[in-house]
Every structure is written in C-alpha cells, then in structure tokens.
Amino acid sequence: MAKEKKELIVGVNGDLSDNFTTGQKAVLGLQNTLAMCGVILVPILCGLDVSVTLFCAGIGTIIYQFIDKKMVPAFLGGSFAIIAGVSTVVGEMGIPYAQGGILGMAVFYLLFALLLKILGKDRVARVFPPIIVGPIIMVLGLSLASVGVQEAEANWPIAIITFLIAVGVNNFSKGLTRVMTIIIALVGGFIISIPFGLVDFTALKEAAWIGVPSFTLPQFSWRAIALIAPCAIVPCLEHIGDVMAVGTVVGKDFTHEPGLDRSVFACGVSTVLSGCLGGPSLTIHSENTGVLAVTHLYSPTIVRFGALWMALLAFCPKFNALCGSIPQAVLGGVGILLYGMVTSTGIRTLVDHHVDFSQPRNLCIAAAILILGVGGAAISFGSIMLRTSHITIYSAARAIPLGKLPARQHSAAHGSSTVPVPNTGSASMKAITAESSRA
C-alpha cells in the first residue's frame, strides 16, 4: 500500500514554517546565510575586515530580533550608504576612527527611534498610504536590477541556467525541496560553472579552516564623526520601508507591533555592537526579503539560525573564500529572481489595496516615484547621498494635504492596512563604485 504523502500546513499568507522541526529550521537557515553573501561587498568597498562584518551582521541580527520581540524575520547587513564616508576615513585615519563615526551613526539611529516614538504610529502611518508605498517597494526591487544584470553579464548562459534552476525548483517541486530553492540554485549553478573554468579555487585552497576575525576598538575624531554620522539619514529612512516591505511579504503589520520605533532602536543597538568591534553600520537587506518571498518560510527562528550560521562562519576563512569563489553569473541568476520578487511585492501592494489609477493624482505620485527612483537621481551633501527614491516619498506626501491622502483600505490578505518604503541597502555597483571614487 502506497504511503500517503503528508500535506503541508499553510499558515498566514502562505507561511510554510510550521511544517519543520527546530533542527530542520537550523538547516534551512543556511540558505538565508548564503543569500546574504552580498554583505561582504560593503567591507570590501570600505576597507573594513570581511570576517568582522560577517560576525557583526550575524550577532547584530540576533540582537535585533530579540529587541524586536522575535517577530520580524529581517536579516541585517552593512549599509551601502556609508561607503563614501567610511572609505575616506579608513584611507586617511584608519579603521578605528571609522568605527567612531559608525558609533555616531548609531546615536542618530537611537534619536530617530525616539522621534518615531514621539510622533506615534498613526501619524507615521498616514504619511505612507499604499499609493506611495507600492511604487517605493517596486523601486526597491528595480534599483537592485542593475546589480543582478551586471553579475549575470559575466556569463549569461550560466546565469540563465541558474535562474531556470531556481524557477523550476520553486514552481515544480514540493515540501523541503521547494523551500530550499536558493541553496539548490546556488549549488547547481556553482557545479555547472566548474567545467567552464569560472570557479577559482586558489583562495579556497590557501584559506585556513579556523581563524579569528581582526576585531578592533574604536577611536574618536570629530572630523571622522562629521564625515560618517550624517550618513545615518539614508538608512534611517530606508529602515521604515524595509520593515514595511517585510511585513507585506509575510502578511503582518510590523509598524504597529513591535513598532517602527522599536525596530529602528534595535537596529541602532546592533550598530553600536558593530561599531565597537570594527563592522559597518547595519540595516535590513532586501536579499533576505526576496528569500522570504521565494520560500514562504516566514519564521524569525529560521532567520536567527541563518544569522547564527553567519556569526560562526566568520571564524572560518575557508567559508569566506568559498563565498568569494561563487561566480558572479551564478549570483546574478539568483539575484534576478530575488530582486524580481521584491518588485512584484510592490505591485501586489497596489493590487491588494485597490489603488485607483484612474485618478490623476495617483498616476502623478506613482510616476514621480518610479522614474526618479529607478533613474537613480540623487542629491549629494558632502559625503551624504540622498537618493530621490527617499526624497520623493516625502515630497509626494507633502504635495497632498494629509487629510486628503487616498483612503487606506484594509486588506484581508495582509491583516492590516499599512504597507512599505525603500532600501538602497544594496545599490547598483556602478553607483557604489562611482560614489567611492568621488570620495
């Protein structure tokens, strides 16, 4: 008699997390870790230690989750907004002084959290109706599109094969296989790349199995703080959108519980730790949001296990070398799917909230956000770069009297009426490189 297949338990918004034991969740957390390999870009471009960054991102995420009542399945990584300021200070004064500036950013986070607490949830929520939030989430995904495409251009056949593996597994497999879409795609693309000579094993062979990250203590200079601390403006604005984007994917309103103020505060505390040890300022990364959308594993426990893996693997130079040996085309193939999922979440926000595009006002707001955001327009103030994807939110909101903002319709699918904003946490590599060279 054939053994009956166990049907998967489907939770809120398609959550499959309850089907797995704690041990299985620990293994599943590895794909969140691998999807966050992009965190190594920030220290590379800033001149910080990669292993220290991995440790700080892992422990910082765990701290964030505990302060946030273990509710938000978000994964922290280094903010790209700091690259110009930090790279300048590292080059002129050294890493310890850059740490002092990053601690200055942490203070800014904490003050911003206090401001959100004073303003209150309702007032903050009124500024971000679906017509503003939906296009902003789309910009969040589309602004990462160039990263995926540039990586894929290294070898389009490999990128397409990796992408098709991810799509095939996600659409035609079931159970544990389906929720491991990202790991299977990365491993598959990696193996296929070997015969084509795209994988360089030199660094992997030379790397030690165990090594302690080069932790350093901060030193302080007013000039370093002045160069780096103001950069906190960008990740603070990003954070609002990041929390809302995660909430949209998992079908929960994290702006009310645990609250935006608590989330920003948690991010600030994590950045304090990172700044004290030699890591970058931390912010929520969209790669993990993409993983949530692809796998439908919304359990914060899985993300915490992924963060724990990252912290432990920081002590394994061999793993760092392995991540560095993954061909760009493989990362690009997976990135196309992940970033596309984030963009699709923005479209879903507009559909679920029945935004009326027959209204000229809605068309104008969406048009401004999409074109300025995707176009990458930015305003620079010294080492601070404010992208128009951030500025447009506020200018669009203020262009309409708050009392006349589009109605915030309740969506049964989300169980809430509040929705997202953006994250340039992973900006285009061209913009990053150009910004760094200008510094």
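Read the figures in this text as sums done on the coordinates, not as results from a lab. Please read these numbers as outputs of a predicted model, since none were measured by experiment. A quick note on method: Cβ atoms are made from the backbone with ideal geometry, for glycine too, and the neighbour counts reach across all protein chains shown.
Quick one: if you stick a label point 7 Å off each Cα along the C-beta vector at residue 226 and residue 115, how many nm between them?
2.1
For the ranges 29-36, 186-193, what's the packing order if you count other beta-carbon atoms within 10 Å of each residue, average per peptide, and put the highest first?
Packing proxy ranking, top to bottom: 29-36, 186-193.
Among residues other than residue 261 whose Cβ falls under 9 Å from its Cβ, what is the net charge (Lys/Arg +1, Asp/Glu -1)?
Surrounding charge for residue 261 is +3.
Ranked highest first by the average count of other Cβ atoms within 10 Å around their residues, in what order do 84-90, 105-111, 47-53, 151-157 fall?
84-90, 47-53, 105-111, 151-157
Based only on other Cβ atoms within 10 Å, what is the fewest-to-most ordering of 196, 319?
Going from sparsest to densest Cβ surroundings: 196, 319.
To the nearest 0.05, what FRET efficiency results for residue 172 and residue 196 with a Förster distance of 25 Å applied to their C-beta separation?
Efficiency computed from Cβ-Cβ geometry: 0.45.
Pick out, in residue order, every one of the trypsin sites (Lys or Arg not before Pro) in the range 89-198 that is DSSP loop and has at most 12 other C-beta atoms within 10 Å; say none if there are none.
174
Less than 13 Å Cβ to Cβ from residue 78, Lys/Arg counted +1 and Asp/Glu -1: what total charge do the surrounding residues give?
-3
Around residue 331, under 11 Å between beta carbons, what's the net of Lys plus Arg minus Asp minus Glu among the other residues?
Summing Lys and Arg as +1 and Asp and Glu as -1 gives -2.
When only DSSP loop residues count, what chymotrypsin sites (Phe, Trp or Tyr not before Pro) in the range 326-382 have their Cβ near at most 10 other Cβ atoms within 10 Å?
Passing both the DSSP loop test and the Cβ count: 357.
Holding the Cα-Cα limit at 25 Å, pick out from 117/252; 69/318; 69/252; 25/121; 121/252 the pairs that are longer than that.
In this structure, 69/318; 25/121 lie more than 25 Å apart at Cα.
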